[in-house]
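Please read the structure below before turning to the comments.
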Amino acid sequence: MPKLVLKFENAVLQEMPVNAKEVSIGRSPDNALVIDNPAVSHYHARVFNEEGRMMLEDFGSLNGTFVNGQRVKMVTLKPGDSVAIGKHTIVISDSRDLDGFAVGNGGAKQAAPKLNETVILDTKERRAFMQQVAAVGESSQPAPARLKLPTLVVRKGKTNQKEYALTDKLTVVGKSAMATVKLTGWFAPRAAAQINRREDQSYYVGAADRRPNVNGHPIDGPTKLSPGDLIQVAGVELEFVYRD
Amino acid sequence: MTCEIEFGVRSDIGCVRESNEDSYGAAPEIGLFVLSDGMGGLERGEVASRLAVETVIRECRVARSLRSTDHAANGISGVSPESNQLLAAVREANQVIYLATQETEAAHQMGATIVAVRLTGERMSLAHVGDSRAYRLRGDQLEQLTRDHSFVAEQMRQGRMTETEAGQSGLQNVLLRALGVAREVEVDVTEELMLDDDTILLCSDGLTRELTDAQIAAVLGDCEDAQEAANELVQAAKQAGGGDNITAVVLRSAAKSAGAFARIGRWLRHSGN
């Protein structure tokens, strides 16, 4: 019985015998063969049996299905064919070839990455590598250029200013000498919360001596701020905005 | 503003490699702790990582003694002078390794990662290049403070790979940035808050490839002592396979713990390679 062997690079992720009438392939968990990657459509393609022939049909997926390098809509598959979906490959295998295959490969998959020497890509290689990968998959997250000044506006509570421009990489809210947002209440903590600017110019609020709320919900780890978000901590409420 | 730092360090060759290319060092008097993972054949990795650590420590000491503000011109805005000194020191380490590679045959090329923290009161300056990491345990929350300059980490940031895929990828060893590869290097510099109860971990990828965040958090949370935590982390990574060299540096505010000097003594014993 033929099998579909799902691979990512050289690692075998899953093997599935084609004994059912149809194997649906996609990102949604209700597919028979799930490929959890954003480059894969929710219902991407199917492999089905038609009068003894193994057929592959692409459901008009955004990024396409490729058999041996050719983009396809509907084709007949034969053993040895290689189906590319996103960065994953499904190899059509006759199970007679597969005895002992899964075990041997499973072992190699575990050990291989760890034994490899570290490789550094130089600038040119890196660009080529990134472009190659960018060709597959959805173009992602345009980071909007912000010319506006990220600012905390005090909505409630006792602080030494009404507004704070977030010009530093680290902004501390509290009584501490290094705090930018100085709390002046009697029982204010030294460091109630911290706000970090990351390399991509986004801002994250994190817990310090207190765990802040964002929009009324306690944060669970560093939380990215969007304009209009309200940070509530140690008796103050701060709104994150972009000022002209 | 001075706060005593309790620290522990452990470095191990692991179970597979034939040499330890990780290096570490400290200048406790200026709150500086540095870890580097070298790469390159014929022991060049060891040379690169040692050059990285030594250069960063030397440059930070010099900058502090000069109370230098020269670095401001090439520095970044929105961070403390100490952070800019650290940035300048890491850039210098890049130059030193790069120039050393120019003098050698192509077959002997080398490079290194770096992760360095500098504690100035409650402010922690953090600089890194490559896939060596800094973590902070605050309460029961472990936070990775650095973002790897590796291919798989970049893919995950862009939403092209899930965490599971990254863990299975054969490309985990591909770095996008390292010291010594080009004349200039882009260094990530951030600032963090160091509270009395925080624990900081610097480690090479030999640790993080073997242990999950939950395992790391459990060890850091359970150990009373920074040195014990470093020992246990490295031991756990060896038991999990030890596929690469493993180095862990654990830092804690010693405000609440006694015997800081005894621990400095221990550090000195361990730092003799």
Among (1) of a type outside the set (K, R); (2) more than 9 Å from every other protein chain (Cβ to nearest Cβ); (3) out of contact with any Lys or Arg (no Cβ under 8 Å at 6 or more places or on another chain); (4) not in a helix (DSSP H, G or I), B:L202 falls short only on (3)
B:S65 being within 30 Å of B:Q239 (Cβ to Cβ) and either polar (S, T, N, Q) or touching a strand residue (DSSP E or B) at 6+ places or on another chain (Cβ under 6 Å) (or both) | no
Among residues of segment B:172-189 being assigned to a loop (DSSP other than H, G, I, E, B) and within 7 Å of chain A (Cβ to nearest Cβ), the residue surrounded by the fewest Cβ atoms within 10 Å (Cβ to Cβ) is B:A182
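Could you please find all residues in segment B:238-248 being in a helix (DSSP H, G or I) and either closer than 12 Å to B:T199 by Cα or within 14 Å of chain A (Cβ to nearest Cβ) (or both)? I'd like the intermediate steps shown before the answer.
Kept after step one, since they are in a helix (DSSP H, G or I), are these residues of segment B:238-248: B:238-239.
Hit for segment B:238-248 is B:K238, nothing else.
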Given the conditions (1) in contact with a helix residue (DSSP H, G or I) (Cβ under 9 Å, 6 or more places away or on another chain); (2) in contact (Cβ under 8 Å) with a residue 40 or more places away in the chain, and given that A:D36 satisfies all but one, which numbered condition is not satisfied?
-> (2)
Going through (1) of a type outside the set (D, E, K, R); (2) within 7 Å of chain A (Cβ to nearest Cβ); (3) more than 23 Å from A:S202 (Cα to Cα); (4) surrounded by fewer than 20 Cβ atoms within 10 Å (Cβ to Cβ) one by one, B:G167 fails only at (2)
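Within segment B:90-112, can one find any residue that is within 30 Å of B:D197 (Cβ to Cβ), in a helix (DSSP H, G or I) and more than 10 Å from every other protein chain (Cβ to nearest Cβ)?
Here is the first cut: in segment B:90-112, the ones within 30 Å of B:D197 (Cβ to Cβ) are B:90.
Okay, now just the ones that are also in a helix (DSSP H, G or I), so B:90.
Checking the rest, the ones that are also more than 10 Å from every other protein chain (Cβ to nearest Cβ) come to B:90.
Yes, that holds for at least one residue.
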What is the residue count in segment B:198-210 for residues that are within 24 Å of B:R118 (Cα to Cα) and either surrounded by fewer than 22 Cβ atoms within 10 Å (Cβ to Cβ) or not small (G, A, S) (or both)?
-> 9
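For A:K169, state whether it is over 15 Å from A:G235 (Cβ atoms) and among the basic types (K, R). Even if it seems obvious, please write down each step before you answer.
Numbers: over 15 Å from A:G235 (Cβ atoms): yes; among the basic types (K, R): yes.
Judged against the criteria, A:K169 is a match.
Before we move on, is A:N19 surrounded by fewer than 17 Cβ atoms within 10 Å (Cβ to Cβ), without any contact (Cβ under 8 Å) to a residue 24 or more places away in the chain and either assigned to a loop (DSSP other than H, G, I, E, B) or away from chain B (no Cβ under 14 Å) (or both)? Before you say what the answer is, go through the steps one by one.
Values: surrounded by fewer than 17 Cβ atoms within 10 Å (Cβ to Cβ): yes; without any contact (Cβ under 8 Å) to a residue 24 or more places away in the chain: yes; either assigned to a loop (DSSP other than H, G, I, E, B) or away from chain B (no Cβ under 14 Å) (or both): yes.
The answer is yes for A:N19.
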From the set of residues in segment B:140-157 that are assigned to a loop (DSSP other than H, G, I, E, B) and buried (at least 17 other Cβ atoms within 10 Å of the Cβ), which is nearest to the other protein chains (Cβ to nearest Cβ)?
-> B:R147
Selection count where residues are assigned to a strand (DSSP E or B) and not aliphatic (A, V, I, L, M), scope segment A:23-72 | 12
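Of all residues being of a type outside the set (A, V, I, L, M, F, W, C) and in contact (Cβ under 8 Å) with a residue 40 or more places away in the chain in segment A:69-90, which is surrounded by the fewest Cβ atoms within 10 Å (Cβ to Cβ)? Just the residue, please. Break it down into steps so the answer makes sense when it comes.
Narrowing segment A:69-90 to residues of a type outside the set (A, V, I, L, M, F, W, C): A:69-71, A:73, A:76, A:78-82, A:86-89.
From what is left, the residues that are in contact (Cβ under 8 Å) with a residue 40 or more places away in the chain are A:79, A:86-89.
Values: A:P79: 14, A:G86: 23, A:K87: 19, A:H88: 22, A:T89: 17.
Among those residues, the one meeting the criterion is A:P79.
This table checks each residue for (1) touching a residue at least 40 places away in the same chain (Cβ under 8 Å); (2) within 23 Å of B:A93 (Cα to Cα).
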residue	(1), (2)
B:S150	no, yes
B:R160	no, no
B:G170	no, no
B:V181	yes, yes
B:V187	yes, yes
Being touching a strand residue (DSSP E or B) at 6+ places or on another chain (Cβ under 7 Å) and at the interface with chain B (Cβ under 9 Å from one of its Cβ atoms) is the filter; apply it to segment A:210-229 and report the residue that is surrounded by the fewest Cβ atoms within 10 Å (Cβ to Cβ).
-> A:G221
Checking A:Q201 against (1) within 14 Å of chain B (Cβ to nearest Cβ); (2) in contact with a Gly (Cβ under 6 Å, 6 or more places away or on another chain), the condition it does not meet | (2)
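Take the conditions at pLDDT 95 or above and not in a strand (DSSP E or B) and apply them to B:V62. Does it pass? Step through it out loud before you land on a result.
Numbers: at pLDDT 95 or above: no; not in a strand (DSSP E or B): yes.
Judged against the criteria, B:V62 is not a match.
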Scope segment B:211-237; condition surrounded by 18 or more Cβ atoms within 10 Å (Cβ to Cβ) and within 14 Å of chain A (Cβ to nearest Cβ); matching residues | B:L211, B:A217, B:A237
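Could you tell me whether B:R160 is more than 15 Å from B:V250 (Cα to Cα) and among the charged types (D, E, K, R)?
Working: more than 15 Å from B:V250 (Cα to Cα): yes; among the charged types (D, E, K, R): yes.
Judged against the criteria, B:R160 is a match.
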Does B:R160 meet the test of being basic (K, R) and at the interface with another protein chain (Cβ under 9 Å from one of its Cβ atoms)?
-> yes
Name every residue in segment B:32-50 that is surrounded by fewer than 23 Cβ atoms within 10 Å (Cβ to Cβ) and either touching an Asp or Glu at 6+ places or on another chain (Cβ under 7 Å) or touching a residue at least 60 places away in the same chain (Cβ under 8 Å) (or both), in order of residue number.
-> B:G41, B:L42, B:E46, B:V47
Could you grab me the full set of residues in segment B:1-41 that are within 13 Å of another protein chain (Cβ to nearest Cβ), touching a strand residue (DSSP E or B) at 6+ places or on another chain (Cβ under 7 Å) and farther than 16 Å from B:L86 by Cβ?
-> B:C3, B:G14, B:E21, B:D22, B:D37, B:G38, B:M39, B:G40
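Taking the conditions exactly as written (within 10 Å of chain A (Cβ to nearest Cβ) and either crowded, with 23+ Cβ neighbours inside 10 Å or not in a helix (DSSP H, G or I) (or both)), does B:R118 satisfy them or not?
Working: within 10 Å of chain A (Cβ to nearest Cβ): no; either crowded, with 23+ Cβ neighbours inside 10 Å or not in a helix (DSSP H, G or I) (or both): yes.
Criteria not met by B:R118.
The values are calculated or read from the model by the stated rules, or taken from the named source; none is laboratory data. This one's a predicted model, so the numbers in the text were calculated from it and none came from an experiment. With ideal geometry, Cβ positions are generated from the backbone for all residues, glycine too; neighbour counts draw on all protein chains shown.
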